[in-house]
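The values are calculated or read from the model by the stated rules, or taken from the named source; none is laboratory data. Everything quoted here is computed from the prediction, not taken from an experiment. Neighbour counts run over all protein chains shown; Cβ positions are idealised from the backbone, glycine included. We work out accessible area using only protein heavy atoms, side chains counted, and drop any ligands, DNA or RNA first. Shrake-Rupley method; radii C 1.70, N 1.55, O 1.52, S 1.80 Å.
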Amino acid sequence: MKKIILHVICLIFCNALLQAQHQYQEISSDFLEENRQIKIQLPRSYESNTQKEYPVILVLDADYLFEPIAGMVDYLSYWEEIPEAIVIGIMQNKQRRDDFEIGDEDHLPIASGEAFFDFLELELMTFVENNYRTTPLRIIAGHGESANFANFFLFRKDPLFQAYINFSPFYSPKMKSRIVSGLERAERRTWYYHGYSENEPPAKLREMKDLAIEAELIENPNLNFFKDDHKNATHITSVSQGIANALESIFSVFKPITPLEYDQNLYHAESAVTYLEDKYFDISTFFNLEIDIRINDIMFASRAIEQKKNWDEYKDLAKLAKKHQPRTLLYSYFLARYHQEMGNPKKALRHYQDAYGYEPVGQLTKDLMLIRAEEIKEVFGY
C-alpha cells in the first residue's frame, strides 16, 4: 500500500512539473538577516488569464512537503475539484530548529523563531502580494513541528491566514488550549484541517485526539473544522493520505454539487434555488471568483424541485439558467415544466417548442422537447 501511495504521489508531482509553472526565488530578509529560498508554483492559467486572481497556499517544511501539496493542487484544480491556487514553499533545511524556536516560559516564538514569524508575515507574504495576483484567501500548511508553529497566526486579532492545514501536529505546551480558544473566538470564516495517524507517539496522539474532541464541540458559525483520523498510516504516510482530504475540505464550497452534498444538504434546503445562489455567493466572496452556475448544479436543483414537487421554484431556476447557461434549453424547459404542473398547458407547449433552438443538456434533447410538446397537443387537442 505504501508503494502504491508513493507511486501516485510521484505521478501527480511529475504531472505538476510538466503543466504548472515552477519558479525559485531568494527573498532578502531583514528579520532573518539572510536570504531565504522559496519555491513557487503558479497555476496553469496564470499567464494566459491575466485578469484572474488566485488563493495562496503557504507550505512550511517545503524541503519535502512542497512537491506533494503543489502536485495535488495542480491535479485537483485541473478537474475543477478546487480552484487554481498559487503555492509558495519555504525552504528551511538546517534552519528548521531555529525557525521554530519557542520560549520556555510563555511558549511563544522568541529570538530566531520570532524573526521567522515576522519574516513570514511582514516580508514573505508582502512579497507574494506585491508580485502575484492573489485573492484574500490565504492557507498555511505544516507537518509536526511546523504545523504547531503555523497555529501562532491563529491567535492574532486579524489573522493573516483564513485556513490551516495541520498534518500530525506536535504541540508545544499550552498550544492545544490556545488553538481551541482561537477557534472559539474566530470572527471571520475559518477553515481548520486536523489530520493525524493512529501510530503517532502515544502522548502526542492523545493531545491530537483531545484537540479533535474539543474542536468538534465548538459552536462558532465561522468555524469549519475537519478531522482526519488515519487508522493504517504513520506520521509520514498520513501526510500523503491527507493532502487531498485537506484541500477538498477547505475548498468544499467550490466543488460541483455531488450526490452526497445533494442528499445531505441541497435536498433538505428550504429552497433549492436559494441554496445555489448562496453557494455561488460564497465562491465569489471567499475565492474572489465570478463563475457561472454549473449545469451540473442547476440539474441537481431541478432534481430537488421534482422530488419535492416545489413547482413554483422552476420560475426562479429558469431565470438562473437564462443568466448563467443562456445557450442551453434549460430556460425554456424549466418554464415549460412550471406551466405544465401549474395547469397552463398552452404556455407549457410554447416553451417546449421554444427549446428546440438551443443546446441540449444530457438527456434533455431537442427531440425530447418535441415529444413533450406532442404529448400536450394530443392530451388537450391543440
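Which residues, counting only those in the range 344-382, are on the phi < 0 side of the Ramachandran plot and outside any helix (DSSP H, G or I)?
Within the range 344-382, the first condition is being on the phi < 0 side of the Ramachandran plot, and the residues that meet it are 344-361, 363-380, 382.
If the condition is that a residue be on the phi < 0 side of the Ramachandran plot and outside any helix (DSSP H, G or I), then 344, 358, 359, 360, 361, 363, 364, 365, 382 are the ones that fit.
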Candidates 98, 63, 104 - the one that is free of Cβ contacts under 8 Å to residues at least 60 places away in the same chain, under 29 Å from residue 174 (Cα atoms) and in a loop (DSSP other than H, G, I, E, B)
104
Candidate set from the range 216-241 (those that are of a type outside the set (Gly, Ala, Ser) and touching a residue at least 40 places away in the same chain (Cβ under 8 Å)); member that is nearest to residue 188 (Cα to Cα)
223
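Just to verify a result, which residue in the range 98-118, among those that are more than 26 Å from the chain's Cα centre (by Cα) and of a type in the set (Phe, Trp, Tyr), is least open to solvent (accessible area, probe 1.4 Å)? Walk me through it before giving the result.
The first filter runs over the range 98-118 and keeps only residues more than 26 Å from the chain's Cα centre (by Cα), leaving 98-116, 118.
With the extra rule that they be of a type in the set (Phe, Trp, Tyr), the set shrinks to 100, 116.
Values: 100: 24, 116: 0 Å².
That would be 116.
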Only one of (1) surrounded by 15 or more Cβ atoms within 10 Å (Cβ to Cβ); (2) touching a Ser or Thr at 6+ places or on another chain (Cβ under 9 Å) fails for residue 58. Which number is that?
(2)
Go through 71, 89, 144 for me and flag whichever is open to solvent by less than 10 Å² (accessible area, probe 1.4 Å) and on the phi > 0 side of the Ramachandran plot.
144
State which residue is farthest from the chain's Cα centre (by Cα) when the search covers only the range 67-83 and only residues that are of a type in the set (Gly, Ala, Ser) and within 21 Å of residue 286 (Cα to Cα).
70
Among the candidates 204, 157, 209, which residue alone is surrounded by fewer than 20 Cβ atoms within 10 Å (Cβ to Cβ), more than 20 Å from the chain's Cα centre (by Cα), closer than 22 Å to residue 115 by Cα and of a type outside the set (Gly, Ala, Ser)?
157
Contact list please: Cβ distance under 6 Å, first residue in the range 271-285 and closer than 15 Å to residue 323 by Cβ, second residue loosely packed, with under 13 Cβ neighbours inside 10 Å, pairs at least six apart or on different chains.
284/290
Residue under question is residue 301, and the condition is that it be closer than 30 Å to residue 54 by Cβ, touching a helix residue (DSSP H, G or I) at 6+ places or on another chain (Cβ under 6 Å) and free of Cβ contacts under 8 Å to residues at least 60 places away in the same chain; does it hold?
yes
Candidate set: the range 230-270, residues that are within 12 Å of residue 168 (Cα to Cα) and assigned to a loop (DSSP other than H, G, I, E, B); chosen: the one most open to solvent (accessible area, probe 1.4 Å):
236
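Any idea which residue in the range 271-293 is least open to solvent (accessible area, probe 1.4 Å), counting only those that are in a loop (DSSP other than H, G, I, E, B) and within 19 Å of residue 318 (Cβ to Cβ)?
For the range 271-293, the residue satisfying everything is 293.
Considering only residues that are of a type outside the set (A, V, I, L, M) and under 14 Å from residue 338 (Cα atoms), look in the range 294-306 and name the one that is surrounded by the most Cβ atoms within 10 Å (Cβ to Cβ). Step through it out loud before you land on a result.
Initially, the range 294-306 is screened for residues of a type outside the set (A, V, I, L, M), giving 294, 296-297, 300, 302-303, 306.
Adding the requirement that they be under 14 Å from residue 338 (Cα atoms) leaves 302-303, 306.
Working: 302: 21, 303: 16, 306: 14.
For the range 294-306, the residue satisfying everything is 302.
This table checks each residue for (1) part of a helix (DSSP H, G or I); (2) modelled with pLDDT of 95 or more.
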site	(1), (2)
5	yes, no
9	yes, no
22	no, no
26	no, no
37	no, no
67	yes, yes
70	yes, yes
